[in-house]
């Protein structure tokens with residue numbers, strides 16, 4: 001029995017877990033998967049950590065191809081994911097239909113939870129939006145950072161606070177039943193990231209990696225990607 005090693009963006013966790021369960025059942029092999037912000041995952045790959053399958057944003061996968069860490073022929077785009085707004089399930093949904101409406105709700109919020117902008121795509125998008133809305137300094141003390149969007153949504157789902165808002169990739173919001181998806185960021189501040197899967201150039205289990213990637217990119221799996229918040233071409 002072999003073990004397939006995966007390092008993945010948190011935005012892909014929900015769909016990856018669906019494939020992982022089927023893969024383990026069908027092949028009898030084990031899977032060791034870790035999910036976090038894309039910057040942190042890329043750093044682990046570059047440091048030489050043993051890995052077989054990598055899921056990051058297309059821009060970072062391209063950098064890993066250039067540096068020789070990823071096999072170019074194995075690269076497959078999964079789809080685009082935008083950044084959205086969430087609240088704890090069962091609480092009132094704020095108006096985010098316009099930049100001005102969102103601005104007012106952010107100023108009124110007691111806490112704003114987002115993935116760490118130092119390493120997470122969505123965190124960078126949100127911080128840029130806050131500056132664009134002119135409220136960056138005003139809400140600074142109410143921002144709470146998390147290692148990735150998935151963990152920020154899990155925290156929000158379990159919180160008992162009032163007037164709390166979370167913002168991260170839509171796929172990380174939809175993956176957590178304890179939060180409610182309010183809507184996307186206003187178009188002027190939206191930046192959709194393409195998430196991509198690839199095989200590590202020095203994979204210790206290349207056959208298993210190819211099998212896993214084939215399952216994730218199969219036409220039959222596309223509806224699940226869409227349901228998870230991915231926009232497909």
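The values are calculated or read from the model by the stated rules, or taken from the named source; none is laboratory data. Being a predicted model, the structure only gives us computed values, none of them experimental. Every residue, glycine among them, receives a Cβ derived from its backbone with ideal geometry; neighbour counts consider all protein chains shown.
Scanning region 60-70 for residues that are on the phi < 0 side of the Ramachandran plot and surrounded by fewer than 19 Cβ atoms within 10 Å (Cβ to Cβ) turns up 62, 63, 65, 66, 67.
The set of residues from region 202-233 being touching a strand residue (DSSP E or B) at 6+ places or on another chain (Cβ under 7 Å), more than 12 Å from residue 53 (Cβ to Cβ) and surrounded by fewer than 21 Cβ atoms within 10 Å (Cβ to Cβ) comprises 231, 232. Residues that are part of a helix (DSSP H, G or I), free of Cβ contacts under 8 Å to residues at least 40 places away in the same chain and in contact with a strand residue (DSSP E or B) (Cβ under 7 Å, 6 or more places away or on another chain) within region 126-167 comprise 139, 142, 152, listed in sequence order. Within region 1-15, take every residue that is surrounded by 19 or more Cβ atoms within 10 Å (Cβ to Cβ) and at pLDDT 95 or above and give me the one that is farthest from residue 192 (Cα to Cα). Once the filter is applied, the top-ranked residue is 4. Listed by position, the helices (runs of 4 or more DSSP H) enclosed by region 7-118 that each have at least 2 residues that are outside the structural domain of residue 217 (by TED's automatic domain parsing) are 99-108.
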